Amino acid sequence: MKKWLALFLVLVTIFSASVTFAETNGSTEITQTQPAGNPPALPDGQAPGGAAPGGTAPGGAPGGQSSAPTAYSAAYSYAEDTTLSAGNYDSTGTDENAILVTAGTTTIDGATVTRASADSTGGDSSSFYGVGAAVLVTGGTAKITNSTVTTDAAGGAGVFAYGDGVAYVSDTTITTSKDTSGGIHVAGGGTLYAKDLTVTTSGGSAAAIRSDRGSGTMVVDGGAYTSNGTGSPAIYCTADITANNATLTANGSEALCLEGLNTVRLFDSNLTGNMPDLEQNDNTWTVILYQSMSGDSAVGEGKFEMVGGTLTSQNGGLFYTTNTESEFILSGVTISAAADSEYFLRCTGNSNQRGWGTSGANGAVCKFTAINQHMTGNVIWDTISTLNLYATEGSQLTGAVLDDETNAGSGGTGACTLYVDADSSWVVTSNSTLTTLNCAGQVTDADGNAVSIIGTDGTVYVQGTSQYTVTVSQYSANCDTSDAGVTSNWSDYAVEM
């Protein structure tokens, strides 16, 4: 029997794609299926695991792991339909869950769930798989209402949906205090629906709305989500995340971080960031779409969409994209930039100390669509990047378009094209350089003077009276915006709770 058990464990180690574990003391019988295409472990020394790029706290603390756990330890485990009314559900064990749902539907109403452990390690096992979360759903469904969830343990996420697990959480307060302790969290394909929550996190790498390796789906309707730690955005996205009428605040980090082939949609929400200036970064931002190459997210186009609501930056620039394909769509958002804002949009390579791509070849390919949108600040691009910026339906850009080759190396063939439709305008604030300007609208300075538009070959396309000049390789007084982005509708994602 021991020989067969040893052979079984060897096979688990080699073939971790799908394994089944027997019930043991303090754990529960579960069947774990590794999501298809799960990336390999990271090279030694590379920061893994859901630390936002603005922060210093790593995702993989000591004790982390890059393969799914063979079993979860839990104070309370449920594998069939169960109703929990009120009551206290406490967990103090090392790296255990307070409540673990593996099958069936567990309904939790009016409960107090508390997770506290000074010995827990957090790290990748918590970030990727939910080890140590207060409530973890790996299969079946958890429905949580009118409850309080509190954690004081490394890796102690509030509510975590992993794999086939689905969580519905409403009218609940979630508070976490340690590192790698997101408020609501999905990974490995999990699904979580949230309504009218109050979520507060205080640790590093502890986004209020958090996702990690293996992706997942989150839909958030209403509520307040606040993160206080460094490297802890209001939203850290390696998943498909939609939020409506939510207040999203990061007091010690960028407001939102989206990595790789994933999407965030915000409808009538208020998003605030306050990222500190850190030596490891070559600039400071509020919303970033990037690819870290850590393996946490598939390579591909990230998409950020914001319709209505407000965006407030308390430090640094606004929108930054690097080492990825990306799309931004803004429609009618009220934007408040920091007093020392470095830019409205930066689409360039990077020299980040953590190594996002290959230096001199880590630019971005970006489409940015503004719909009835006021934009104030410079647009910065380089020749290892490609930027197509659309100003449509009454939009106005107030700022300069600047070619900054600091991180471009040599031999770049990128381009910057600005489209200004007949209802929109560009108020130029200093001499600007871009590749192509297609403008059916107005290009003036702040005093209303026409700005000269001059070709790189000396052709005068527009002779203006302003002190500023726009230099282009190509110019057209026509503007085709048929490739501009279009907005989504909240009704397409709303879920009946």
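The numbers here are math on the coordinates, done by the rules we state, and not lab data. Fair warning: this is a prediction, and the values are worked out from it, not measured in the lab. Glycine also receives a Cβ, built like all others from the backbone with ideal geometry; neighbour counts cover every protein chain displayed.
Worth a mention:
- For the stretch 254-497: Kirkwood Rh in Å [reciprocal of mean 1/r, alpha carbons]: 18.2 Å
- Centre-to-centre separation between the Cα atoms of the stretch 92-120 and those of the stretch 145-170: 8 Å.
- With both residues required to sit in the stretch 394-497, DSSP beta bridges show an antiparallel share near 15%.
- Per-peptide average of other Cβ atoms within 10 Å, ordering 470-478, 211-219, 124-132 highest first: 124-132, 211-219, 470-478
- Sorting 432-440, 378-386, 407-415 by average packing, meaning the other beta carbons within 10 Å per residue, from highest down gives 378-386, 432-440, 407-415.
- Neighbour-count order for Arg265, Arg346, fewest beta carbons within 10 angstrom listed first: Arg265, Arg346
- Cβ crowding within 10 Å averaged over residues, with 86-93, 140-147, 203-210 ranked highest first: 203-210, 140-147, 86-93
- The separation of the stretch 179-194 from the stretch 301-320, counted between C-alpha centres, amounts to 22 Å.
- Beta bridges per DSSP with both ends in the stretch 254-497, % antiparallel, nearest 5: 5 percent
- For Val113, net neighbour charge (Lys/Arg +1, Asp/Glu -1) across residues whose Cβ lies under 15 Å away: -3
- Read-out Cα Rg over 2.2 N^0.38 Å, derived from the coordinates shown; its label in (1) 0.99; (2) 1.40; (3) 1.04: (3)
- With R₀ set to 22 Å, the beta-carbon distance separating Ala415 from Ser359 gives a calculated FRET efficiency near 0.60.
- Helix 2-14 vs. the chain, principal-axis angle (Cα, 0 to 90°, nearest 10): 10 degrees
- Cut-off 12 Å between beta-carbons: net charge of the residues surrounding Gly360, Lys and Arg +1, Asp and Glu -1: -2
- Distance between the modelled labels on Ala446 and Gln467, one decimal in nanometres: 1.1 nm (7 Å Cα→Cβ projection).
- Between Asp423 and Asp483, the FRET efficiency from the beta-carbon distance, with R0 = 22 Å, is close to 0.80.
- Charge tally in the Cβ shell below 9 Å around Gly182, where Lys, Arg are +1 and Asp, Glu are -1, Gly182 excluded: 0
- Residues in the stretch 458-497 that a label on Asn372 would reach, taking backbone N under 15 Å of a point 7 Å out along Cα→Cβ: 486-490
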